[in-house]
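Since the structure comes first, as C-alpha cells, the remarks are kept for the end.
The values are calculated or read from the model by the stated rules, or taken from the named source; none is laboratory data. Predicted model only: the values in this text are computed from it and were never measured. Glycine gets a Cβ as well: all are built from the backbone with ideal geometry, and neighbour counts include every protein chain shown.
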Amino acid sequence: MVKHPAPGRVKTRLAAAVGPRTAADLSRAFVRDLAARLATLPYAVTWAYWPRGASFRALLGRRPARWRCRLQRGRDLGERMAHAIRDELARGRGPVVVLGADAPHVSTAALAEAAARLTAGADLVLGPAIDGGYYLIGVKAWRQSLFRDIRWGSDGVFAATRRRARRLGLRTHLLPPTFDVDEGTDLKRLAVLLARGAVDLPRTATILARLGSRLATLDRAAGAGGHSERVSDRRAVGGRSWKNG
C-alpha cells in the first residue's frame, strides 16, 4: 500500500519535521528501496497506489514481470486494504500479505515468517507497530469485518484488530514489533538501523545524509520524548502487552 510521493500530499507529519519536499523525497526513496528489496524475493507483488492519475509505474521503473500496479479503492484505509486483499484472492493469489511503504526496513525474515505461518495454518498474521497500529497484515481468506469500524490512524488499531480476530475465532500469529516512519523521531530510529548496518536502504541513506545537522536535531527530539530505539519482542503496543496465541 503506497501513496504517490507528491510534496504537501504525503507524509504530512514527517513534513512538519523536515519540510514537505524532503518528506516527499524520503517517501519516494522508501518506495524505491523497498522495491529493490522485494525484487530479490520469490513473491508476486502488487503495488496498490493512490491517488488516481499518479505516475506510479514510472516511479518504480523497470520491475519484475510478476509485479503489478493497481489503483486503491475505498473511502478509508480499511476499505482500501480490504479491496486490495479481495482483488488478490480473486486472482487466485493467496495467502496475501499487506505491507505499507512507510516501513521500508521490515526484514525479509519477517515477510518469510508471515508467509510461512499463513501456509502452516494461521488465519491472520499481524506485525504490531509501536505507535499502536500495525505495519503488516496477512490473511489467507477475505474477512471484511477485520477492516470495518476501526479508527484508522489512532493508537488503538492493533488492539481493536486483535479483539475482532478473537471474536471471529481466528488463529493469529504476531510478528516482532517495529515502527512506521511517520514522524521525525521515527526517521531517527531508521537512521540508527542504517548506521548499524541492520538494513540496506541506499536511496534513503542518501537523503538522510543530506539532512545533516537537521537529523541531529531529530536525535535530540527522540531522546527527549520519543520511544526507545531498541524495540523488544515483548514491547507493549498501544498501552497493551502482547503475545502469540
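Among the residues of the stretch 184-218, those identified as of a type in the set (S, T, N, Q), without any contact (Cβ under 8 Å) to a residue 60 or more places away in the chain and out of contact with any Leu (no Cβ under 7 Å at 6 or more places or on another chain) are 213, 217. Highlighted here are the helices (runs of 4 or more DSSP H) found entirely within the stretch 131-241 that include at least 3 residues which are under 25 Å from residue 32 (Cα atoms) and either basic (Lys, Arg) or modelled with pLDDT under 95 (or both): 184-196, 202-211, 213-225.
Regarding residue 181, is this residue in contact (Cβ under 8 Å) with a residue 60 or more places away in the chain, touching a helix residue (DSSP H, G or I) at 6+ places or on another chain (Cβ under 6 Å) and surrounded by 21 or more Cβ atoms within 10 Å (Cβ to Cβ)? So residue 181 passes the test. Considering each of 119, 172 in turn, give the residue that is of a type in the set (S, T, N, Q), in contact with a Gly (Cβ under 9 Å, 6 or more places away or on another chain) and either surrounded by fewer than 18 Cβ atoms within 10 Å (Cβ to Cβ) or within 19 Å of residue 85 (Cα to Cα) (or both). Exactly one of 119, 172 is of a type in the set (S, T, N, Q), in contact with a Gly (Cβ under 9 Å, 6 or more places away or on another chain) and either surrounded by fewer than 18 Cβ atoms within 10 Å (Cβ to Cβ) or within 19 Å of residue 85 (Cα to Cα) (or both), namely 172.
Is it true that some residue in the stretch 59-80 is touching a Gly at 6+ places or on another chain (Cβ under 8 Å) and either crowded, with 17+ Cβ neighbours inside 10 Å or free of Cβ contacts under 8 Å to residues at least 40 places away in the same chain (or both)? The answer is yes; a qualifying residue exists. Filtering the stretch 1-47 to residues that are surrounded by fewer than 18 Cβ atoms within 10 Å (Cβ to Cβ), in a loop (DSSP other than H, G, I, E, B) and of a type in the set (D, E, K, R) leaves only 9. For beta carbons closer than 8 Å, sequence separation of 6+ or different chains, a first residue in the stretch 83-96 that is within 21 Å of residue 173 (Cα to Cα) and touching a residue at least 40 places away in the same chain (Cβ under 8 Å) and a second that is part of a loop (DSSP other than H, G, I, E, B) and of a type in the set (Phe, Trp, Tyr), the qualifying pairs are 85/142; 86/142; 89/142.
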